[in-house]
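What follows is calculated from the coordinates using simple rules that are stated; it is not laboratory data. Note that the structure is predicted; figures quoted are calculated from it, not measured. FYI the Cβ positions are ideal-geometry reconstructions off the backbone, even for glycines, and counts take in every protein chain you see.
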Amino acid sequence: MWKDDMDEMDRLWHGFLDKTERFPCKCPVCRKLNAHIYVHRYRGQKGSVWMWCSECHHCSHGTVMIPEWWKNDDFIDIYKTVSHPDFLEMQKTAIDSYVNKVLDN
């Protein structure tokens, strides 16, 4: 069961924005190397972010302003996502690889 009650997960967003984090990374809640992030731009700079830990199951989801350098992937069906990262958890390896590729460019 996912626990969407921890503002600590939002720290992952800051590491993403300043491109200092690589995923999976250390979870700000349980400190295990099992935290992930997924970002999707809807239009302009508006989009959504999901941050979650596969170990302790803390998560966070919200609407954010997406940085200009972010490019959406072509392998996640955004219509299968909900506020909790069940669908994204199944794709976490591909998501981590894609996010890191974009962060490194």
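Miscellaneous remarks
- For the stretch 48-105, a residue qualifies if it is over 17 Å from G15 (Cβ atoms), surrounded by 18 or more Cβ atoms within 10 Å (Cβ to Cβ) and touching a residue at least 60 places away in the same chain (Cβ under 8 Å), and exactly one does: P85.
- Among the residues of the stretch 79-98, those identified as within 11 Å of W50 (Cβ to Cβ), hydrophobic (A, V, I, L, M, F, W, C) and assigned to a helix (DSSP H, G or I) are F87, L88, I95.
- Look at (1) in contact with a Phe, Trp or Tyr (Cβ under 7 Å, 6 or more places away or on another chain); (2) under 18 Å from D104 (Cα atoms); (3) not small (G, A, S) and you find that H14 fails only one, number (1).
- Scanning the stretch 7-47 for residues that are free of Cβ contacts under 8 Å to residues at least 24 places away in the same chain, loosely packed, with under 14 Cβ neighbours inside 10 Å and among the basic types (K, R) yields R31, R43, K46.
- Any hit, the stretch 77-99, residues being out of contact with any Lys or Arg (no Cβ under 7 Å at 6 or more places or on another chain), over 19 Å from A35 (Cα atoms) and of a type in the set (V, I, T): yes
- The stretch 1-56: number of residues that are closer than 12 Å to V99 by Cβ and part of a strand (DSSP E or B): 10
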